[in-house]
Amino acid sequence: MKDETVSEGRAPRTIAATNGVAQDAAFGAVIAPIHLSTTYKFPAFDKPGPYDYSRLGNPTRDQLADTLAKLEGGARAVMVASGMAALDLALSGLRPGDLLVAPHDCYGGTHRLLSLRSARGHYRVAFVDQTDGEALAAALALEPKVVLVETPSNPLMRVVDIRHITGLAKAAGALTVVDNTFLSPALQQPLALGADLVVHSTTKFLNGHSDVIGGAVIAADAALGEELAAWANTIGVTGSPLDAYLTLRGVRTLFVRVERQQQTAATIAAFLNTHPAVSRVHYPGLTSHPGHALAKSQQSGFGAMLSFELAGGLAAVRILVETLQVFTLAESLGGVESLIAHPPTMTHAAMDPEARATAGITDGLLRLSVGLEDEDDLLTDLRQGLAAASNV
């Protein structure tokens, strides 16, 4: 497992809990105040202060950006209105004709965005199984400008070697963008493994309470970060101060939440792995998972996300989700509440059946986001649901 240290000498959990605390020069507030003003006074004619208009810069948003940059070990973070806006911003340097190499089993919203951008001629996309060395090498031989990595993948929890892929991408002259939403910087720091950019849906584990939509791009290089910040201001996708304030409040408890959630997730994965109604469990924390050793080497934990396949297929899925009482059937993830989703009809419904089949997303697949409920209550809920689904 990785050592929990950063270049400035403070542990990430300390940064998450205290960055920006007790620094209010005006009144000595311990918790950083929220700055809702859209505009700021110029000290004198032709002499702007540090802030002039909140689309460009805002103290509350900048505090969150600074905290996330420190947690990811980056030089600059840009806060935007959603996770999809973050990914789109990270790819904004691509030009017509440029090639993007993306994972074939990525999040459905990502697949939709890339497919539509490609269809409009904004750039070309090659969806590749990045666990297949030959397929990846063939794609890199086409001289892509960007390689997008999602590890663990959503929803099949496939793990790819970030350090290896970033090395290959650099040799091919490509930037590497890593979606770190599933693990958060509490469990994985892709920039330290060679990535150029990290993207997050801050809606998920970083906020952790399912009440804010937001996104972030963190750059290893300050100049690239400034370029992205300028473009985010130009197209107007920067996030709101209130969303930044709430997200920063969520970040304060990131480490303790994730620790508890992943402990419960590991127990649930082990339970599902031996249940006769379950044909397969996708969780890197299981020693039987093909990416277990790799995940252990580049992550500091296995996370709170997992998926599993029901032997009874779609009919069993319907019964299970209608029986559950503690798990909520809903999209999204990373909150304090446990959620269950059916990717083929929910998060990945925008992918055509052929693309889902290629990715390995079957009709019997279900995805769990494990929350902070009592472990026994969650196990009892699943046990009752699976018993009902077994009668199919």
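Take residues that are among the hydroxyl-bearing types (Ser, Thr, Tyr) and either surrounded by fewer than 13 Cβ atoms within 10 Å (Cβ to Cβ) or out of contact with any Leu (no Cβ under 6 Å at 6 or more places or on another chain) (or both) and tell me which of the helices (runs of 4 or more DSSP H) falling wholly in the stretch 1-109 contain 1 or more.
Numbers: elements: 12-18, 59-72, 83-90.
The helices (runs of 4 or more DSSP H) meeting that bar are 12-18, 59-72.
Of the residues in the stretch 353-369, at least one is at pLDDT 95 or above, surrounded by 15 or more Cβ atoms within 10 Å (Cβ to Cβ), more than 25 Å from LEU116 (Cα to Cα) and hydroxyl-bearing (Ser, Thr, Tyr). Against the definition (more than 20 Å from SER92 (Cβ to Cβ) and of a type outside the set (Gly, Ala, Ser)), how does PRO241 come out, yes or no? Against the criterion (more than 20 Å from SER92 (Cβ to Cβ) and of a type outside the set (Gly, Ala, Ser)), PRO241 qualifies.
Applying the set (1) surrounded by 19 or more Cβ atoms within 10 Å (Cβ to Cβ); (2) farther than 15 Å from SER307 by Cβ to VAL281 leaves exactly one unmet item: (2).
In the stretch 128-155, of all residues being part of a strand (DSSP E or B) and crowded, with 24+ Cβ neighbours inside 10 Å, the one that is farthest from the chain's Cα centre (by Cα) corresponds to VAL147. Here VAL198 fulfils each of the conditions (1) farther than 14 Å from GLY93 by Cβ; (2) in a loop (DSSP other than H, G, I, E, B) apart from (2). For the stretch 104-121, indicate whether the set of residues that are under 20 Å from ASN180 (Cβ atoms), over 19 Å from the mean Cα position of the chain (by Cα) and not acidic (Asp, Glu) is non-empty. For the stretch 104-121, residues under 20 Å from ASN180 (Cβ atoms), over 19 Å from the mean Cα position of the chain (by Cα) and not acidic (Asp, Glu): absent.
For every residue, the table says whether it meets (1) in the same structural domain as PRO33 (by TED's automatic domain parsing); (2) within 18 Å of the chain's Cα centre (by Cα); (3) within 30 Å of GLU309 (Cβ to Cβ).
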{"site": "ALA230", "(1), (2), (3)": "yes, no, no"}
{"site": "THR234", "(1), (2), (3)": "yes, no, no"}
{"site": "ASP243", "(1), (2), (3)": "yes, yes, no"}
{"site": "GLN263", "(1), (2), (3)": "no, no, yes"}
{"site": "ALA269", "(1), (2), (3)": "no, no, yes"}
{"site": "ASN273", "(1), (2), (3)": "no, no, yes"}
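Here ARG257 clears all of (1) without any contact (Cβ under 8 Å) to a residue 40 or more places away in the chain; (2) buried (at least 19 other Cβ atoms within 10 Å of the Cβ); (3) assigned to a helix (DSSP H, G or I) except the condition numbered (1).
Being assigned to a strand (DSSP E or B) and either among the aliphatic types (A, V, I, L, M) or modelled with pLDDT under 95 (or both) is the filter here; which residues of the stretch 110-127 pass it?
Of the stretch 110-127, the ones assigned to a strand (DSSP E or B) are 124-127.
If the condition is that a residue be assigned to a strand (DSSP E or B) and either among the aliphatic types (A, V, I, L, M) or modelled with pLDDT under 95 (or both), then VAL125, ALA126 are the ones that fit.
The values are calculated or read from the model by the stated rules, or taken from the named source; none is laboratory data. Since we're looking at a predicted model, the values are computed, not measured. We place every Cβ from the backbone using ideal geometry, glycine too, and count neighbours over all the protein chains shown.
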